[in-house]
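Quick notes on the structure that follows.
The values are calculated or read from the model by the stated rules, or taken from the named source; none is laboratory data. These numbers come from a predicted model, not from an experiment. Every residue, glycine among them, receives a Cβ derived from its backbone with ideal geometry; neighbour counts consider all protein chains shown. For the accessible areas, the whole protein counts, side chains as well, though only heavy atoms, and no ligand, DNA or RNA atoms are used. Shrake-Rupley method; radii C 1.70, N 1.55, O 1.52, S 1.80 Å.
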Amino acid sequence: MNWYKDTLTIQTRGKGLYDFTQDVANRLSKWGVQEGMCYLFLQHTSASLVMSENWDPTARQDLEAFMEHLVPEDQRWYRHTLEGSDDSPSHMRAMLTLPSLTIPIDDGHLSLGTWQGIYLFEHRARGHTRQVLIRCLSMD
Amino acid sequence: MNWYKDTLTIQTRGKGLYDFTQDVANRLSKWGVQEGMCYLFLQHTSASLVMSENWDPTARQDLEAFMEHLVPEDQRWYRHTLEGSDDSPSHMRAMLTLPSLTIPIDDGHLSLGTWQGIYLFEHRARGHTRQVLIRCLSMD
Amino acid sequence: MNWYKDTLTIQTRGKGLYDFTQDVANRLSKWGVQEGMCYLFLQHTSASLVMSENWDPTARQDLEAFMEHLVPEDQRWYRHTLEGSDDSPSHMRAMLTLPSLTIPIDDGHLSLGTWQGIYLFEHRARGHTRQVLIRCLSMD
């Protein structure tokens, strides 16, 4: 058994879904892990992790638009507005998605489905530098 | 320490929650795992995993109806409609629920609460064959 | 490699977010774990786990108010109302948040972001005694 760790830095340019599947895959290749589990953990509360379709760009666009409908900005009952109208909604959107992901590794690859991609969902209007911790428990 | 792996195949008959707790429990029994962690990972983006009440069928029916209200089909702003009106909503519903689950194993059993069941939530109108990867890290 | 386990008991006083980050940190300190993974699992279907901002109390208040808006009580189509008007909504709210959390441990501490706290979200109107299983895989 072996244990590997690193931090992925993802630079966002404001709201939206950012595919970082390849960054994760590259770390596993570098480490040469054949079999085990990959853990991802996002150290932020105004962004989140999402696993979704990576083929048709309109699927991603619909997910982004959906979040604007489901968690609208500028509700008059919001109290946490210190950093702007996207502040409280960003925590709500993060709460409805994921801070962590756990993915099996087989035969040297992440065992994703054919159309699955790993995304960081930025919920703030401005770009941010986001840290995703990657840990790998190898059975090799 | 030991490592076990398998794939559970779940045949759905269209939208709804499918309890597969017993399938997971059967694998653990077969392997004879006494203590450790069980990891479940769904290889699809139009279905998801849910942990919910398994006693009163009306709880399940309300969860299914709730998803139809929360993420309605046929919104005129949907762009990802290639495969029908249930296409984009299925990814949205998956995004609000789970791709992976991590459950402790104690004394040879999943350490679920009294009323907890493990469900696959099918979000497509038609039935699909779904793959859930099961991995088990045993401390025995 | 080592394996540690315990159960955290959290007494709630009705609906709301309860920060139990320190309870988790205390267990890790007691065990002296330097590096590995911490797994949390909630054994209930009418409460859930949430990772969110722990600095400004209004952020927490907005998350609580948001859930009341997103999943309202007293919808006439609810069928699971045996235990009151907060019964079915509690399962819906749990479904949209988390039953389990997986957090890296580094240098003897949970690797949380600066503003991240670990919360139990109670969805029932009355207080409950909630059990969170904590498991720790140590690489020391």
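Under the criterion of Cα pairs below 8 Å and six or more residues apart, the relative contact order for the range C:1-88 equals 19 percent.
Cβ-Cβ distance of C:N2 and B:H109, R₀ of 25 Å, FRET efficiency by 1/(1 + (r/R0)^6): the value works out to about 0.65. Charge dipole of chain A (Cα centre as origin; +1 on each Lys and Arg Cβ, -1 on each Asp and Glu Cβ, all else neutral): 480 debye, rounded to the nearest 20. Solvent-accessible surface (1.4 Å probe) assigned to B:L98 amounts to roughly 10 Å². Cα centroids of the range C:1-58 and the range B:1-59: 24 Å apart. On a per residue basis, chain A carries 39 Å² of accessible surface, using protein heavy atoms and a 1.4 Å probe. When the range C:72-140 is described by a simple charge dipole with +1 on each Lys and Arg Cβ and -1 on each Asp and Glu Cβ, the residue from C:P104, C:F121, C:H80 located farthest towards its positive end is C:H80. The dipole here belongs to the range C:70-116: it is taken about the Cα centre, uses +1 on the Cβ of Lys and Arg and -1 on the Cβ of Asp and Glu, and is about 220 debye. Going by a ≥ b ≥ c, the root eigenvalues of the Cα gyration tensor, does the range C:67-140 fall in the rounded group (a/c under 1.5), the prolate group (a/b larger than b/c) or the oblate group? Prolate is the answer for the range C:67-140, as a/c is 1.5 or above and a/b outweighs b/c. All Cα-Cα separations within the range C:97-140 were binned at 5 Å from zero, giving a P(r) of 5, 13, 25, 22, 16, 11, 6, 2, 0, each value a whole percent of the pairs.
Note on the range B:83-98 and the range A:72-140: Cα centroid distance 18 Å, given to the nearest whole angstrom. Under the rule a/c < 1.5 gives rounded, and otherwise a/b versus b/c splits prolate from oblate, where does the protein assembly as shown land using the Cα gyration tensor? The shape class here is rounded.
Each label point was placed 7 Å from the Cα along the Cα-to-Cβ direction; for A:R13 and A:T81 their separation is 3.0 nm. Against chain A, whose longest principal axis comes from its Cα atoms, helix A:57-70 is set at around 40 degrees.
Here the range B:18-85 has an Rg and Dmax of 17.1, 52 Å, counting Cα atoms alone. About the centre of its Cα atoms, the protein assembly as shown shows a dipole size close to 160 debye [charges on the beta carbon of Lys, Arg (+1) and Asp, Glu (-1) only; nearest 20 debye]. Rounded to the nearest 10 degrees, the inclination of helix B:87-96 to the longest alpha-carbon principal axis of chain B is 40 degrees. Answer rounded, prolate or oblate for chain B, using the Cα gyration tensor with square roots of eigenvalues a ≥ b ≥ c: rounded when a/c is under 1.5, else prolate when a/b is larger than b/c, else oblate. Here chain B falls in the prolate category. In the complete set of protein chains, residue-level accessible area for C:E68 is approximately 70 Å², probe 1.4 angstrom. Mean sequence separation of contacting Cα pairs (under 8 Å, at least six apart), scaled by the length of the range A:63-120, corresponds to a relative contact order of 20 percent.
Among the listed pairs A:K5/C:K30; A:K5/A:K30; C:K5/C:K30, a Cα-Cα separation exceeding 18 Å is found for A:K5/C:K30.
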